[in-house]
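A short worksheet on the structure shown next.
The values are calculated or read from the model by the stated rules, or taken from the named source; none is laboratory data. Source: prediction; values computed, not measured. Backbone-built Cβ (ideal geometry, glycine too); neighbour counts: all protein chains shown.
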Amino acid sequence: MIRNPIDVATRVSQELSRFIETLSENPDVEQPLTLSGARYFLAWHLPLEIRETEGLHHIDDTDSLLDELDVLIEEFGEDAVAMDFVEDSASEPLSRVIEAVLDDENRENPPTLSAVKEAMAAGVMERLVGEGALDEDEDDNLMAEIEDLIDRYGPDAPAEDFLRYE
């Protein structure tokens, strides 16, 4: 599932990752989308309604994404394929949750993203907090993250494909 050797988790914000993915799905955007193309689109062609859809309600949001794109362009070049910078793995804490579900001896089939979400709702995160594998304040973020992965890849996507190995 990993497309490239770039560790986008340490290089790209979640907002920029989502923005690039949304642009790449737009039939009006020339493919393959490059970093310079993403920057140009963000700076000059992004209508207000798309900015609001992407959660870019303030000029500061757009400016921070432009700054982030500038850093990536400086390091990887204008023609770097933008999709190489889209996050397609779980965060380290969510990876621990997925591993806990994978290690469940009562499970007959490998878990899907929806099965992981169900296990999270059923208490696997509380157990991991009790074991010291997760921080107490990560609950809300992890539920939002799994829901985002389900929205992007579907509920039946194998959860194991999203593990981040560090």
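Are any of the residues in region 111-133 closer than 28 Å to S24 by Cα, among the β-branched types (V, I, T) and in contact with an Asp or Glu (Cβ under 8 Å, 6 or more places away or on another chain)? Within region 111-133, one or more residues are closer than 28 Å to S24 by Cα, among the β-branched types (V, I, T) and in contact with an Asp or Glu (Cβ under 8 Å, 6 or more places away or on another chain). Just a yes or no: is a residue in region 57-71 within 18 Å of the chain's Cα centre (by Cα) and either modelled with pLDDT under 85 or not in a helix (DSSP H, G or I) (or both)? Yes, because at least one residue in region 57-71 is within 18 Å of the chain's Cα centre (by Cα) and either modelled with pLDDT under 85 or not in a helix (DSSP H, G or I) (or both).
For region 128-135, does any single residue satisfy the condition of being surrounded by 15 or more Cβ atoms within 10 Å (Cβ to Cβ) and among the acidic types (D, E)? The answer is no, given that none of the residues of region 128-135 is surrounded by 15 or more Cβ atoms within 10 Å (Cβ to Cβ) and among the acidic types (D, E). The residue that is surrounded by the most Cβ atoms within 10 Å (Cβ to Cβ), counting only those in region 87-112 that are part of a loop (DSSP other than H, G, I, E, B) and of a type in the set (D, E, K, R), is E87.
Checked against the criterion of being loosely packed, with under 13 Cβ neighbours inside 10 Å and outside any helix (DSSP H, G or I), region 139-150 contains not a single residue that satisfies it. A single member of L149, L142, L163 is over 18 Å from V86 (Cα atoms) and under 15 Å from the mean Cα position of the chain (by Cα), and it is L142. Selection of first residues in region 110-124 that are over 13 Å from I150 (Cβ atoms) and of second residues that are among the aliphatic types (A, V, I, L, M) and part of a helix (DSSP H, G or I), restricted to Cβ pairs under 8 Å at least 6 apart or on distinct chains, gives the following pairs, ordered by first then second residue: P110/L102; P110/A159; A119/V97; A119/A100; A119/V101; V124/V97; V124/A100; V124/V101. Is it the case, given these coordinates, that S114 is under 30 Å from S36 (Cα atoms) and small (G, A, S)? No, not satisfied.
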